Amino acid sequence: MVLTILLSYFLSLYIVGFIGKWIDSTTSEGKLAYIPLLVVASIAIFIMVFLVFFYVFTRRIIKYFTVLTEGLGFISQGNFDYRVPIRREDELGRLAQNINKMAEELALQKSKEKEAEASKMNLITGVSHDLRTPLTSMIGYLDLLRKRSYLDDNEYDRFVNNAFSKAQQLKKLIDDLFIYTRLTSGDLIFTKQPADMHELLQQVLFEFVPIAEENDALVKSRIAIQKAPVLIDPEQVARILDNLLMNSLKYSTAPKVIHIELTAIETTVYLTVENKGEPITKEQEAKLFERFYKPESMAPHSHLQVGAGLGLAIARQLAERQGGRLTLEYEEGHYAFRLELPLLPE
């Protein structure tokens with residue numbers, strides 16, 4: 001702008017001076033008589049020259065403003081994939097970068113909204129299917145009992161046991177869904193207190209080993225530490241251990257052997273649950289901790305009830321909410337789920 005004014009000023013002086021010389025050469029009165037006219041002419045010439053220079057120097061800027069305006073128009077219409085060209089390195093260039101950044105954030109937000117909507121639909125579909133299956137079986141068995149459609153006491157007992165088993169499965173599904181929704185919404189309250197992972201693991205194994213033996217599985221534990229003080233919610237960590245152990249039992253291939261290891265390195269305690277199962281692909285491995293995900297190739301190898309595919313998702317979130325993490329090391333059918341929790345300082 002300053003350069004435009006200076007150029008306009010000097011050029012207008014030159015033009016007015018040229019006009020003054022022309023007046024001196026063509027009239028006998030001298031240019032003093034034409035001073036008012038020269039003043040008006042100099043002002044008019046300055047304005048015209050300024051406008052010409054202003055247009056020349058700002059033409060590209062105005063054109064770029066038009067490009068930015070059109071780009072904002074496309075983005076405002078919902079075309080979040082559109083990007084304005086960045087042709088300058090000044091304030092306008094930074095403005096273009098900010099416009100593109102805004103479009104990227106809007107596109108990301110739109111993608112998240114679509115994912116959230118799809119997630120809701122998947123949640124409704126998954127819950128409806130998983131709750132309907134055991135409920136339908138329960139209704140069927142209860143209807144047979146109501147109509148007394150059984151041959152003897154043995155068949156009566158079988159119908160009752162099957163209905164009870166399906167009711168337990170339904171309760172487990174509802175409990176998992178309840179815990180998962182509270183975890184997702186942040187409503188689940190953790191009651192953290194000092195506890196010993198060694199003692200907690202022994203309590204969980206005391207209940208798990210008989211179930212494993214009933215399903216022809218061998219449990220091998222290697223506890224390398226006698227004491228592992230941690231600050232946790234014991235009930236929720238016990239839920240993590242139960243989910244990992246039952247998952248290994250359901251999906252182990254014969255001969256079923258479940259290895260459990262408890263170790264500590266520096267400030268972290270590690271609990272590992274290992275088993276051999278059906279091979280899976282890299283894509284399936286990456287989705288194992290997603291909710292409602294149940295790979296078709298990983299059919300359970302026991303009569304144990306199959307959940308809704310929430311167990312591992314719940315276990316990972318419970319671990320993370322208590323300052324730990326849950327990971328999987330997989331290689332050619334060998335699964336090693338590892339729970340890490342920070343040790344309390346001595």
Counting residues in the stretch 193-342 as N, plug N into 2.2 N^0.38 Å and put the Cα Rg over that result. 0.99
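Relative contact order of the stretch 193-342: what whole-number percent is it, with Cα pairs under 8 angstrom and at least 6 residues apart?
24
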Long-range amide H contacts for residue 270: which residues qualify at under 5 Å (H placed 1.01 Å from N, peptide plane, sequence gap of 5 or more or a different chain)? 263, 264, 265
When a/c reaches 1.5 or more, the comparison of a/b and b/c decides; with that in mind, is the stretch 189-250 rounded, prolate or oblate per its Cα gyration tensor? oblate
Anything over 21 Å Cα to Cα? Flag those among 114/287; 63/110; 172/227; 192/287; 172/192; 101/287, in the order listed. 63/110; 172/227; 192/287; 172/192; 101/287
Compute the signed sum of charges (Lys and Arg +1, Asp and Glu -1) over the other residues within less than 13 Å, Cβ to Cβ, of residue 270. -2
By per-residue mean of other Cβ atoms within 10 Å, what is the highest-first order of 244-257, 182-195, 92-105? 244-257, 92-105, 182-195
Calculated P(r) tail over 18 Å for the stretch 113-234, as whole % of Cα pairs: 73
Going by average Cβ neighbours within 10 Å, how do the peptides 272-282, 61-71 rank, with the highest at the top? 272-282, 61-71
Karplus 3J(HN,Hα) series, Hz, for the stretch 162-171 with 6.51 cos²θ - 1.76 cosθ + 1.60 (x for Gly, Pro): 5, 5, 5, 4, 5, 5, 5, 4, 4, 4
Tell me, what is the FRET efficiency for residue 132 and residue 167 to the nearest 0.05, using R0 = 22 angstrom and their Cβ-Cβ distance as r? 0.95
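Coordinate-derived values only; no laboratory data. Predicted model only: the values in this text are computed from it and were never measured. A quick note on method: Cβ atoms are made from the backbone with ideal geometry, for glycine too, and the neighbour counts reach across all protein chains shown.
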